[in-house]
Amino acid sequence: MSDEPSEDIPLVKLPLDSWHRARGARMVPFAGYEMPIQYEGIVAENNWTRSSASLFDVSHMGQLGLTGPSGDCEAGAAEAAEALEALLPGLITSLKTGRMRYSMLLDENGGILDDLMVTNAGPRIALVVNGAVKWDDIAHLREHLPDEINLHHFDDFALLALQGPKAGEVLEMLVPSTGALTFMTADLFEWGGTHLWVSRAGYTGEDGFEIAVHADHVEALADALVADERVKPAGLGARDSLRLEAGLPLYGHDITTETDPVSADLTFALSKKRREAGGYMGHGPVATVLEQGATKVRVGLILEGRMPAREGAEVYAGDEKVGVVTSGGFSPTLGKPIAMAYVDMSHAETGAALECEVRTKRLPATVSPMPFVPHRYFRGS
Amino acid sequence: MPRYFTDEHEWIDVEDDEATVGITDYAQEQLGDIVFVELPEAGTALDKGGDAAVVESVKAASDVYAPISGEVTEGNGALEEEPALVNSSPEEDGWFFKMTVGDASELEGLMDEAAYKEFVEGL
(Lines give C-alpha, C1' and ligand atoms only; values in the text may rest on other atoms or scores of the structure.)
Protein backbone atom coordinates (compact mmCIF):
# COMPACT_ATOMS: atom_id res chain seq x y z
CA MET A 1 0.00 0.00 0.00
CA SER A 2 1.31 3.40 -0.88
CA ASP A 3 1.04 6.28 1.51
CA GLU A 4 0.09 9.84 0.73
CA PRO A 5 3.04 12.20 0.91
CA SER A 6 3.14 13.85 4.29
CA GLU A 7 3.29 17.60 4.66
CA ASP A 8 5.72 19.25 6.97
CA ILE A 9 4.07 22.65 7.24
CA PRO A 10 2.15 23.18 10.48
CA LEU A 11 -1.55 22.59 10.01
CA VAL A 12 -4.28 24.81 11.37
CA LYS A 13 -7.03 23.23 13.45
CA LEU A 14 -10.67 23.99 12.68
CA PRO A 15 -12.84 25.45 15.45
CA LEU A 16 -14.71 22.12 15.36
CA ASP A 17 -11.56 19.97 15.39
CA SER A 18 -12.34 18.05 18.58
CA TRP A 19 -16.02 17.83 17.61
CA HIS A 20 -15.04 16.02 14.40
CA ARG A 21 -12.65 13.67 16.17
CA ALA A 22 -15.24 12.83 18.84
CA ARG A 23 -17.57 11.75 16.03
CA GLY A 24 -15.02 9.41 14.52
CA ALA A 25 -13.81 11.58 11.67
CA ARG A 26 -10.55 10.74 9.98
CA MET A 27 -8.60 13.97 9.69
CA VAL A 28 -6.30 14.71 6.74
CA PRO A 29 -4.25 17.73 5.69
CA PHE A 30 -6.09 19.90 3.17
CA ALA A 31 -5.52 23.54 2.25
CA GLY A 32 -3.30 23.98 5.30
CA TYR A 33 -5.94 22.65 7.70
CA GLU A 34 -6.62 19.37 9.37
CA MET A 35 -9.93 18.51 7.77
CA PRO A 36 -12.39 15.63 8.26
CA ILE A 37 -12.25 13.50 5.12
CA GLN A 38 -14.85 10.99 6.26
CA TYR A 39 -16.78 9.67 9.24
CA GLU A 40 -18.79 6.61 8.31
CA GLY A 41 -17.51 6.29 4.74
CA ILE A 42 -17.68 8.31 1.55
CA VAL A 43 -20.37 6.22 -0.13
CA ALA A 44 -22.68 6.26 2.90
CA GLU A 45 -22.17 10.01 3.37
CA ASN A 46 -22.71 10.70 -0.33
CA ASN A 47 -25.94 8.71 -0.31
CA TRP A 48 -27.18 10.26 2.93
CA THR A 49 -26.68 13.72 1.45
CA ARG A 50 -28.74 12.75 -1.62
CA SER A 51 -31.56 11.28 0.49
CA SER A 52 -31.63 13.29 3.76
CA ALA A 53 -29.17 15.99 4.88
CA SER A 54 -25.48 16.20 5.74
CA LEU A 55 -23.45 18.69 7.72
CA PHE A 56 -20.10 19.69 6.23
CA ASP A 57 -17.52 21.86 7.97
CA VAL A 58 -16.07 24.17 5.33
CA SER A 59 -14.50 26.64 7.73
CA HIS A 60 -11.25 26.47 5.76
CA MET A 61 -12.86 28.61 3.09
CA GLY A 62 -12.12 32.32 3.08
CA GLN A 63 -14.95 34.58 4.19
CA LEU A 64 -14.26 38.13 3.10
CA GLY A 65 -16.16 41.42 3.29
CA LEU A 66 -15.67 44.48 1.09
CA THR A 67 -16.86 48.00 1.78
CA GLY A 68 -16.16 51.38 0.21
CA PRO A 69 -15.32 54.75 1.79
CA SER A 70 -18.90 55.18 2.99
CA GLY A 71 -18.35 52.29 5.39
CA ASP A 72 -20.64 49.46 6.47
CA CYS A 73 -23.81 50.57 4.71
CA GLU A 74 -25.57 50.18 1.38
CA ALA A 75 -23.55 52.99 -0.14
CA GLY A 76 -20.34 51.39 1.06
CA ALA A 77 -21.41 48.06 -0.46
CA ALA A 78 -22.26 49.77 -3.76
CA GLU A 79 -18.80 51.35 -3.88
CA ALA A 80 -17.22 47.94 -3.19
CA ALA A 81 -19.36 46.29 -5.87
CA GLU A 82 -18.18 48.75 -8.46
CA ALA A 83 -14.54 48.29 -7.49
CA LEU A 84 -14.84 44.50 -7.46
CA GLU A 85 -16.20 44.49 -11.02
CA ALA A 86 -12.71 45.45 -12.18
CA LEU A 87 -11.48 42.00 -11.11
CA LEU A 88 -14.22 39.62 -12.21
CA PRO A 89 -16.57 39.15 -15.18
CA GLY A 90 -19.89 39.12 -13.27
CA LEU A 91 -22.37 41.92 -12.83
CA ILE A 92 -22.09 42.80 -9.14
CA THR A 93 -23.40 46.37 -9.08
CA SER A 94 -26.87 45.15 -10.07
CA LEU A 95 -27.04 42.48 -7.36
CA LYS A 96 -29.89 43.30 -5.03
CA THR A 97 -29.43 42.96 -1.29
CA GLY A 98 -29.53 39.30 -0.30
CA ARG A 99 -28.71 38.06 -3.80
CA MET A 100 -25.62 36.11 -4.67
CA ARG A 101 -23.77 35.19 -7.81
CA TYR A 102 -21.11 32.67 -8.82
CA SER A 103 -18.06 34.33 -10.33
CA MET A 104 -14.33 34.01 -10.91
CA LEU A 105 -11.27 36.12 -10.23
CA LEU A 106 -9.35 36.32 -13.51
CA ASP A 107 -5.74 37.17 -14.19
CA GLU A 108 -4.55 39.38 -17.05
CA ASN A 109 -4.48 36.41 -19.44
CA GLY A 110 -8.07 35.47 -18.63
CA GLY A 111 -6.84 32.53 -16.53
CA ILE A 112 -8.89 31.63 -13.47
CA LEU A 113 -7.29 32.64 -10.15
CA ASP A 114 -10.22 31.30 -8.15
CA ASP A 115 -13.95 30.78 -8.34
CA LEU A 116 -16.10 32.32 -5.65
CA MET A 117 -19.53 33.32 -4.43
CA VAL A 118 -20.27 37.03 -4.31
CA THR A 119 -23.20 38.24 -2.22
CA ASN A 120 -24.70 41.65 -1.74
CA ALA A 121 -24.90 41.26 2.01
CA GLY A 122 -26.47 44.68 2.63
CA PRO A 123 -23.83 46.75 4.40
CA ARG A 124 -21.03 44.98 2.49
CA ILE A 125 -20.17 42.73 -0.42
CA ALA A 126 -19.42 39.28 0.93
CA LEU A 127 -17.10 36.84 -0.80
CA VAL A 128 -16.57 33.16 -0.10
CA VAL A 129 -13.36 31.90 -1.71
CA ASN A 130 -11.53 28.59 -1.81
CA GLY A 131 -9.48 27.70 1.25
CA ALA A 132 -6.45 26.53 -0.72
CA VAL A 133 -5.97 29.93 -2.40
CA LYS A 134 -7.57 32.33 0.05
CA TRP A 135 -4.28 34.02 0.96
CA ASP A 136 -3.45 34.51 -2.71
CA ASP A 137 -6.94 35.91 -3.28
CA ILE A 138 -6.57 38.36 -0.41
CA ALA A 139 -3.19 39.50 -1.78
CA HIS A 140 -4.65 39.87 -5.28
CA LEU A 141 -7.67 41.84 -4.07
CA ARG A 142 -5.55 44.04 -1.84
CA GLU A 143 -3.12 44.72 -4.68
CA HIS A 144 -5.71 45.59 -7.29
CA LEU A 145 -8.59 47.13 -5.35
CA PRO A 146 -8.26 50.85 -4.61
CA ASP A 147 -6.90 51.63 -1.16
CA GLU A 148 -10.21 53.20 -0.17
CA ILE A 149 -11.90 49.79 -0.44
CA ASN A 150 -11.79 48.05 2.92
CA LEU A 151 -11.18 44.29 2.85
CA HIS A 152 -12.06 42.38 6.00
CA HIS A 153 -11.20 38.72 6.49
CA PHE A 154 -13.76 37.10 8.77
CA ASP A 155 -11.21 34.61 10.04
CA ASP A 156 -13.00 34.29 13.38
CA PHE A 157 -16.02 32.81 11.62
CA ALA A 158 -16.74 29.18 10.86
CA LEU A 159 -18.73 28.04 7.84
CA LEU A 160 -21.07 25.05 7.94
CA ALA A 161 -22.83 23.61 4.92
CA LEU A 162 -26.11 21.79 5.48
CA GLN A 163 -26.91 19.98 2.25
CA GLY A 164 -29.59 17.59 1.11
CA PRO A 165 -33.31 17.34 0.29
CA LYS A 166 -34.25 17.59 3.98
CA ALA A 167 -31.96 20.55 4.72
CA GLY A 168 -34.79 23.04 4.25
CA GLU A 169 -37.20 21.46 6.72
CA VAL A 170 -34.42 20.83 9.25
CA LEU A 171 -33.13 24.38 9.24
CA GLU A 172 -36.63 25.89 9.26
CA MET A 173 -37.35 24.04 12.52
CA LEU A 174 -34.15 25.28 14.11
CA VAL A 175 -33.98 28.76 12.59
CA PRO A 176 -37.50 29.88 11.64
CA SER A 177 -37.92 31.75 8.34
CA THR A 178 -34.79 30.33 6.73
CA GLY A 179 -37.21 28.28 4.63
CA ALA A 180 -38.22 31.48 2.86
CA LEU A 181 -34.79 31.76 1.25
CA THR A 182 -34.59 30.51 -2.32
CA PHE A 183 -31.54 29.26 -4.22
CA MET A 184 -28.79 31.89 -4.39
CA THR A 185 -30.27 34.23 -1.80
CA ALA A 186 -28.98 35.01 1.67
CA ASP A 187 -30.03 36.77 4.84
CA LEU A 188 -29.13 37.37 8.46
CA PHE A 189 -30.87 35.35 11.17
CA GLU A 190 -30.64 35.06 14.93
CA TRP A 191 -30.18 31.79 16.72
CA GLY A 192 -29.09 30.93 20.25
CA GLY A 193 -28.10 34.49 21.03
CA THR A 194 -25.89 34.90 18.00
CA HIS A 195 -26.12 35.91 14.38
CA LEU A 196 -26.13 33.46 11.50
CA TRP A 197 -25.49 34.57 7.96
CA VAL A 198 -27.36 31.97 5.92
CA SER A 199 -27.02 31.46 2.15
CA ARG A 200 -29.17 29.00 0.24
CA ALA A 201 -26.38 27.57 -1.86
CA GLY A 202 -23.82 24.81 -1.77
CA TYR A 203 -21.52 22.48 -3.64
CA THR A 204 -23.45 19.21 -3.82
CA GLY A 205 -26.19 19.86 -6.38
CA GLU A 206 -28.77 19.42 -3.63
CA ASP A 207 -30.89 22.01 -1.89
CA GLY A 208 -29.11 23.36 1.13
CA PHE A 209 -27.46 26.16 3.01
CA GLU A 210 -24.11 27.58 3.93
CA ILE A 211 -24.16 29.09 7.39
CA ALA A 212 -21.55 31.56 8.59
CA VAL A 213 -21.34 31.60 12.38
CA HIS A 214 -18.83 32.99 14.85
CA ALA A 215 -16.30 30.35 15.90
CA ASP A 216 -17.46 30.71 19.53
CA HIS A 217 -20.93 29.47 18.60
CA VAL A 218 -20.21 26.91 15.89
CA GLU A 219 -20.08 23.92 18.21
CA ALA A 220 -23.51 24.69 19.66
CA LEU A 221 -24.90 25.07 16.16
CA ALA A 222 -23.29 21.86 14.89
CA ASP A 223 -24.65 20.00 17.94
CA ALA A 224 -28.13 21.38 17.36
CA LEU A 225 -28.05 20.37 13.69
CA VAL A 226 -26.88 16.79 14.19
CA ALA A 227 -29.31 16.39 17.09
CA ASP A 228 -31.90 16.17 14.32
CA GLU A 229 -31.85 12.54 13.20
CA ARG A 230 -32.20 13.62 9.58
CA VAL A 231 -28.71 15.16 9.73
CA LYS A 232 -25.35 13.37 9.84
CA PRO A 233 -21.87 14.84 9.56
CA ALA A 234 -20.08 14.29 6.27
CA GLY A 235 -16.50 14.88 5.20
CA LEU A 236 -14.48 16.27 2.35
CA GLY A 237 -14.48 12.92 0.54
CA ALA A 238 -18.25 12.97 0.08
CA ARG A 239 -18.15 16.67 -0.69
CA ASP A 240 -15.83 15.86 -3.59
CA SER A 241 -17.87 12.95 -4.95
CA LEU A 242 -21.08 15.01 -4.64
CA ARG A 243 -19.68 18.03 -6.46
CA LEU A 244 -18.29 15.78 -9.20
CA GLU A 245 -21.72 14.18 -9.65
CA ALA A 246 -23.19 17.69 -9.74
CA GLY A 247 -20.75 18.70 -12.50
CA LEU A 248 -19.26 21.48 -10.38
CA PRO A 249 -15.60 22.26 -11.07
CA LEU A 250 -12.98 22.04 -8.33
CA TYR A 251 -10.47 24.87 -8.25
CA GLY A 252 -6.86 23.79 -8.74
CA HIS A 253 -7.99 20.76 -10.73
CA ASP A 254 -10.80 21.48 -13.20
CA ILE A 255 -10.12 25.21 -13.31
CA THR A 256 -6.73 26.88 -12.90
CA THR A 257 -4.81 29.87 -14.24
CA GLU A 258 -4.21 27.70 -17.32
CA THR A 259 -7.92 27.55 -18.05
CA ASP A 260 -10.31 30.35 -19.00
CA PRO A 261 -14.04 30.66 -18.29
CA VAL A 262 -15.09 29.76 -21.85
CA SER A 263 -12.99 26.59 -22.08
CA ALA A 264 -14.14 25.72 -18.57
CA ASP A 265 -17.75 25.83 -19.84
CA LEU A 266 -18.54 28.56 -17.30
CA THR A 267 -19.65 31.11 -19.88
CA PHE A 268 -22.88 31.57 -17.88
CA ALA A 269 -20.77 33.44 -15.32
CA LEU A 270 -19.72 36.02 -17.93
CA SER A 271 -22.54 38.52 -17.44
CA LYS A 272 -23.92 39.45 -20.88
CA LYS A 273 -23.70 43.17 -20.27
CA ARG A 274 -20.04 42.90 -19.47
CA ARG A 275 -18.93 40.60 -22.29
CA GLU A 276 -18.61 43.54 -24.67
CA ALA A 277 -18.30 46.39 -22.23
CA GLY A 278 -15.44 44.68 -20.42
CA GLY A 279 -13.67 46.74 -17.81
CA TYR A 280 -12.33 43.77 -15.89
CA MET A 281 -8.95 42.10 -15.69
CA GLY A 282 -8.59 39.42 -18.35
CA HIS A 283 -11.46 40.72 -20.47
CA GLY A 284 -9.40 41.01 -23.67
CA PRO A 285 -8.23 37.38 -23.76
CA VAL A 286 -11.65 36.11 -22.64
CA ALA A 287 -13.42 38.16 -25.35
CA THR A 288 -11.05 36.65 -27.93
CA VAL A 289 -11.89 33.10 -26.84
CA LEU A 290 -15.59 33.97 -26.83
CA GLU A 291 -15.34 35.32 -30.38
CA GLN A 292 -13.09 32.65 -31.86
CA GLY A 293 -14.37 29.75 -29.78
CA ALA A 294 -12.36 27.59 -27.41
CA THR A 295 -10.08 24.88 -28.78
CA LYS A 296 -10.65 22.65 -25.76
CA VAL A 297 -13.62 22.49 -23.43
CA ARG A 298 -14.46 20.93 -20.08
CA VAL A 299 -16.84 18.01 -20.57
CA GLY A 300 -18.27 15.18 -18.52
CA LEU A 301 -17.31 11.57 -19.18
CA ILE A 302 -19.11 8.41 -18.08
CA LEU A 303 -16.83 5.38 -18.16
CA GLU A 304 -17.70 1.78 -18.86
CA GLY A 305 -16.83 -0.78 -16.21
CA ARG A 306 -15.88 0.07 -12.64
CA MET A 307 -12.30 1.32 -12.93
CA PRO A 308 -12.16 5.10 -12.41
CA ALA A 309 -9.99 7.45 -14.47
CA ARG A 310 -8.32 9.98 -12.18
CA GLU A 311 -6.83 13.41 -12.67
CA GLY A 312 -4.09 13.30 -15.31
CA ALA A 313 -5.44 10.33 -17.26
CA GLU A 314 -5.10 10.96 -21.00
CA VAL A 315 -8.15 10.90 -23.23
CA TYR A 316 -7.98 9.34 -26.69
CA ALA A 317 -10.09 9.15 -29.84
CA GLY A 318 -8.57 6.13 -31.52
CA ASP A 319 -4.81 6.73 -31.59
CA GLU A 320 -5.13 10.46 -31.24
CA LYS A 321 -4.72 12.07 -27.83
CA VAL A 322 -7.59 14.54 -27.57
CA GLY A 323 -7.65 15.52 -23.92
CA VAL A 324 -6.88 14.95 -20.27
CA VAL A 325 -8.97 14.13 -17.20
CA THR A 326 -8.94 16.90 -14.58
CA SER A 327 -10.93 15.08 -11.92
CA GLY A 328 -12.52 11.70 -11.77
CA GLY A 329 -13.79 9.09 -9.41
CA PHE A 330 -16.50 6.58 -8.74
CA SER A 331 -20.02 7.99 -8.54
CA PRO A 332 -21.82 6.41 -5.59
CA THR A 333 -25.18 7.63 -6.92
CA LEU A 334 -24.75 6.26 -10.43
CA GLY A 335 -22.65 3.26 -9.44
CA LYS A 336 -20.11 3.92 -12.16
CA PRO A 337 -16.97 5.96 -12.76
CA ILE A 338 -17.38 9.55 -13.92
CA ALA A 339 -14.87 12.25 -14.77
CA MET A 340 -14.39 15.78 -15.98
CA ALA A 341 -11.91 16.28 -18.81
CA TYR A 342 -10.74 18.95 -21.18
CA VAL A 343 -11.07 17.59 -24.71
CA ASP A 344 -10.55 19.06 -28.18
CA MET A 345 -13.69 20.80 -29.41
CA SER A 346 -13.95 18.33 -32.31
CA HIS A 347 -14.51 15.48 -29.82
CA ALA A 348 -16.59 17.32 -27.24
CA GLU A 349 -20.11 16.70 -28.51
CA THR A 350 -22.45 14.72 -26.25
CA GLY A 351 -22.25 11.03 -27.04
CA ALA A 352 -18.74 11.13 -28.49
CA ALA A 353 -17.04 7.78 -27.90
CA LEU A 354 -13.58 8.28 -26.39
CA GLU A 355 -11.15 6.28 -24.25
CA CYS A 356 -9.32 7.12 -21.04
CA GLU A 357 -5.90 5.61 -20.56
CA VAL A 358 -5.36 4.25 -17.05
CA ARG A 359 -2.17 2.27 -16.31
CA THR A 360 -1.83 1.19 -19.98
CA LYS A 361 -5.48 0.13 -20.16
CA ARG A 362 -7.95 1.93 -22.42
CA LEU A 363 -11.31 2.49 -20.73
CA PRO A 364 -14.27 3.31 -23.01
CA ALA A 365 -15.83 6.66 -22.06
CA THR A 366 -18.75 8.64 -23.44
CA VAL A 367 -19.04 12.42 -23.41
CA SER A 368 -22.05 13.11 -21.22
CA PRO A 369 -23.95 16.25 -20.24
CA MET A 370 -23.32 17.60 -16.76
CA PRO A 371 -24.60 17.52 -14.10
CA PHE A 372 -24.33 13.74 -14.01
CA VAL A 373 -26.89 13.77 -11.19
CA PRO A 374 -29.62 16.41 -11.65
CA HIS A 375 -29.48 19.51 -9.47
CA ARG A 376 -32.35 19.86 -7.03
CA TYR A 377 -32.10 23.46 -5.92
CA PHE A 378 -35.00 25.17 -4.16
CA ARG A 379 -36.21 27.96 -6.38
CA GLY A 380 -39.49 28.64 -4.55
CA SER A 381 -42.63 26.63 -3.92
CA MET B 1 -0.71 -21.91 8.16
CA PRO B 2 1.65 -19.05 8.94
CA ARG B 3 0.55 -15.53 8.05
CA TYR B 4 3.05 -12.75 7.49
CA PHE B 5 2.56 -9.00 7.14
CA THR B 6 4.40 -6.20 5.33
CA ASP B 7 4.89 -2.62 6.45
CA GLU B 8 2.84 -1.67 3.36
CA HIS B 9 -0.16 -3.44 4.95
CA GLU B 10 -0.32 -6.55 2.80
CA TRP B 11 -0.81 -9.98 4.39
CA ILE B 12 0.46 -13.25 2.96
CA ASP B 13 -0.56 -16.77 3.95
CA VAL B 14 1.92 -19.46 3.02
CA GLU B 15 1.02 -23.14 2.57
CA ASP B 16 3.83 -25.24 1.15
CA ASP B 17 4.92 -23.53 -2.05
CA GLU B 18 1.73 -21.49 -2.60
CA ALA B 19 0.82 -18.19 -0.99
CA THR B 20 -2.34 -16.08 -0.78
CA VAL B 21 -2.05 -12.28 -0.66
CA GLY B 22 -4.45 -9.58 0.45
CA ILE B 23 -4.54 -6.25 2.27
CA THR B 24 -5.07 -5.90 5.98
CA ASP B 25 -8.10 -4.74 7.88
CA TYR B 26 -6.15 -1.62 8.82
CA ALA B 27 -5.49 -0.93 5.13
CA GLN B 28 -9.11 -1.27 4.03
CA GLU B 29 -10.17 0.94 6.93
CA GLN B 30 -7.73 3.63 5.76
CA LEU B 31 -8.81 3.35 2.12
CA GLY B 32 -12.53 3.47 2.75
CA ASP B 33 -15.09 2.20 0.24
CA ILE B 34 -13.34 0.03 -2.35
CA VAL B 35 -14.96 0.31 -5.77
CA PHE B 36 -12.53 -1.60 -7.98
CA VAL B 37 -9.55 -3.92 -7.67
CA GLU B 38 -7.17 -4.43 -10.58
CA LEU B 39 -5.58 -7.86 -10.15
CA PRO B 40 -2.54 -9.33 -11.85
CA GLU B 41 -3.22 -12.05 -14.40
CA ALA B 42 -2.15 -15.64 -13.79
CA GLY B 43 1.39 -16.07 -15.01
CA THR B 44 2.52 -12.58 -14.05
CA ALA B 45 5.99 -12.62 -12.52
CA LEU B 46 6.19 -10.55 -9.34
CA ASP B 47 9.24 -9.10 -7.64
CA LYS B 48 9.28 -8.57 -3.89
CA GLY B 49 8.20 -4.99 -3.23
CA GLY B 50 7.12 -4.46 -6.84
CA ASP B 51 3.66 -3.39 -8.07
CA ALA B 52 1.23 -6.28 -7.93
CA ALA B 53 -2.31 -4.88 -7.88
CA VAL B 54 -4.18 -1.59 -7.68
CA VAL B 55 -7.04 -0.93 -5.32
CA GLU B 56 -9.40 1.91 -6.14
CA SER B 57 -11.45 3.62 -3.46
CA VAL B 58 -14.01 6.32 -4.26
CA LYS B 59 -11.32 8.89 -3.75
CA ALA B 60 -8.01 7.45 -4.90
CA ALA B 61 -6.03 4.63 -6.46
CA SER B 62 -3.43 2.86 -4.29
CA ASP B 63 -0.76 0.36 -5.24
CA VAL B 64 -0.53 -3.04 -3.62
CA TYR B 65 2.95 -4.53 -3.61
CA ALA B 66 4.16 -8.12 -3.81
CA PRO B 67 5.24 -9.25 -0.31
CA ILE B 68 7.66 -11.75 -1.91
CA SER B 69 8.81 -12.75 -5.39
CA GLY B 70 6.95 -15.42 -7.34
CA GLU B 71 4.43 -16.02 -10.07
CA VAL B 72 0.72 -15.27 -9.89
CA THR B 73 -1.36 -18.42 -10.14
CA GLU B 74 -4.87 -17.02 -9.65
CA GLY B 75 -6.71 -13.74 -9.04
CA ASN B 76 -9.80 -13.58 -6.79
CA GLY B 77 -12.57 -13.45 -9.38
CA ALA B 78 -15.12 -12.60 -6.67
CA LEU B 79 -13.63 -9.12 -6.39
CA GLU B 80 -14.67 -8.28 -9.95
CA GLU B 81 -18.33 -8.58 -9.03
CA GLU B 82 -18.00 -7.43 -5.45
CA PRO B 83 -14.96 -5.26 -4.72
CA ALA B 84 -16.57 -4.33 -1.39
CA LEU B 85 -15.50 -7.77 -0.14
CA VAL B 86 -12.17 -6.08 0.54
CA ASN B 87 -13.98 -3.86 3.07
CA SER B 88 -16.23 -6.52 4.58
CA SER B 89 -13.74 -9.41 4.70
CA PRO B 90 -10.25 -8.09 3.97
CA GLU B 91 -8.32 -10.93 5.53
CA GLU B 92 -10.48 -13.80 4.28
CA ASP B 93 -12.95 -13.64 1.35
CA GLY B 94 -11.42 -10.40 0.09
CA TRP B 95 -8.03 -11.94 -0.77
CA PHE B 96 -6.39 -10.52 -3.90
CA PHE B 97 -4.35 -13.24 -5.57
CA LYS B 98 -2.47 -16.50 -5.10
CA MET B 99 1.16 -16.85 -6.07
CA THR B 100 4.07 -19.28 -5.98
CA VAL B 101 6.77 -18.83 -3.34
CA GLY B 102 9.82 -17.97 -5.41
CA ASP B 103 12.24 -17.64 -2.54
CA ALA B 104 11.07 -18.71 0.92
CA SER B 105 13.92 -16.79 2.55
CA GLU B 106 12.15 -13.54 1.58
CA LEU B 107 9.50 -14.36 4.18
CA GLU B 108 12.04 -13.90 6.95
CA GLY B 109 11.98 -10.12 6.74
CA LEU B 110 8.19 -9.93 7.16
CA MET B 111 6.26 -9.39 10.38
CA ASP B 112 4.16 -11.93 12.21
CA GLU B 113 0.72 -11.01 13.50
CA ALA B 114 1.95 -9.73 16.86
CA ALA B 115 4.67 -7.60 15.28
CA TYR B 116 2.25 -6.18 12.74
CA LYS B 117 -0.28 -5.34 15.45
CA GLU B 118 2.41 -3.45 17.31
CA PHE B 119 3.49 -1.73 14.07
CA VAL B 120 -0.06 -0.50 13.38
CA GLU B 121 -0.52 0.73 16.95
CA GLY B 122 2.58 2.85 16.46
CA LEU B 123 1.16 4.60 13.39
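The values are calculated or read from the model by the stated rules, or taken from the named source; none is laboratory data. Bear in mind that the values here come from a model prediction, so they are computed numbers and not experimental data. Counting neighbours? That spans all protein chains shown, and the Cβs are built from the backbone with ideal geometry, glycine included.
Restricting to segment A:303-341, name every residue that is hydroxyl-bearing (Ser, Thr, Tyr) and within 22 Å of residue A:375 (Cβ to Cβ). Across segment A:303-341, the qualifying residues are A:326, A:327, A:331, A:333. Restricted to strands (runs of 3 or more DSSP E) entirely inside segment B:12-123, those with at least 3 residues that are small (Gly, Ala, Ser) are B:51-57.
Of the residues making up segment B:28-53, those that are in contact with a Pro (Cβ under 9 Å, 6 or more places away or on another chain), closer than 17 Å to residue B:85 by Cβ and surrounded by 21 or more Cβ atoms within 10 Å (Cβ to Cβ) are B:28, B:33, B:34, B:35, B:37, B:53. Within segment B:55-76, the set of residues being of a type outside the set (Ser, Thr, Tyr), within 14 Å of another protein chain (Cβ to nearest Cβ) and farther than 18 Å from residue A:43 by Cα comprises B:63, B:64, B:66, B:67.
Restricted to segment A:343-373, and to residues there that are within 26 Å of the chain's Cα centre (by Cα) and among the polar types (S, T, N, Q), the residue that is nearest to residue A:303 (Cα to Cα) is A:366. Would you confirm whether or not segment A:13-25 contains a residue that is farther than 30 Å from residue B:39 by Cα, free of Cβ contacts under 8 Å to residues at least 24 places away in the same chain and within 14 Å of chain B (Cβ to nearest Cβ)? Within segment A:13-25, one or more residues are farther than 30 Å from residue B:39 by Cα, free of Cβ contacts under 8 Å to residues at least 24 places away in the same chain and within 14 Å of chain B (Cβ to nearest Cβ). Could you tell me which residue of segment A:341-381 is nearest to residue A:184 (Cα to Cα), considering only residues that are outside any loop (DSSP other than H, G, I, E, B) and basic (Lys, Arg)? It comes out as A:376.
Exactly one residue out of B:29, B:18, B:71 is charged (D, E, K, R) and within 26 Å of residue A:333 (Cα to Cα): that is B:29. For segment A:36-54, the set of residues classified as aliphatic (A, V, I, L, M) and part of a helix (DSSP H, G or I) consists of A:42, A:43, A:44, listed by residue number.
Filtered by the rule that a residue be surrounded by fewer than 23 Cβ atoms within 10 Å (Cβ to Cβ) and over 20 Å from residue B:74 (Cα atoms), segment B:6-26 gives B:7, B:8, B:25, B:26.
Test residue A:318 against the stated conditions and say whether it is among the small types (Gly, Ala, Ser), within 14 Å of chain B (Cβ to nearest Cβ) and surrounded by fewer than 16 Cβ atoms within 10 Å (Cβ to Cβ). So residue A:318 does not fit the description; no. When residue A:28 is tested against (1) within 14 Å of another protein chain (Cβ to nearest Cβ); (2) surrounded by fewer than 21 Cβ atoms within 10 Å (Cβ to Cβ); (3) in contact with a Ser or Thr (Cβ under 8 Å, 6 or more places away or on another chain); (4) of a type outside the set (D, E, K, R), just one condition goes unmet, and that condition is (3). Only one of the numbered conditions (1) away from every other protein chain (no Cβ under 14 Å); (2) under 21 Å from residue A:16 (Cβ atoms) is not met by residue A:252, and that is (2). Summed over segment A:180-190, residues that are surrounded by 17 or more Cβ atoms within 10 Å (Cβ to Cβ) and not aromatic (Phe, Trp, Tyr) total 5. Right, residue B:59: among the basic types (Lys, Arg) and modelled with pLDDT under 95 or not? When the stated conditions are applied, residue B:59 passes them.
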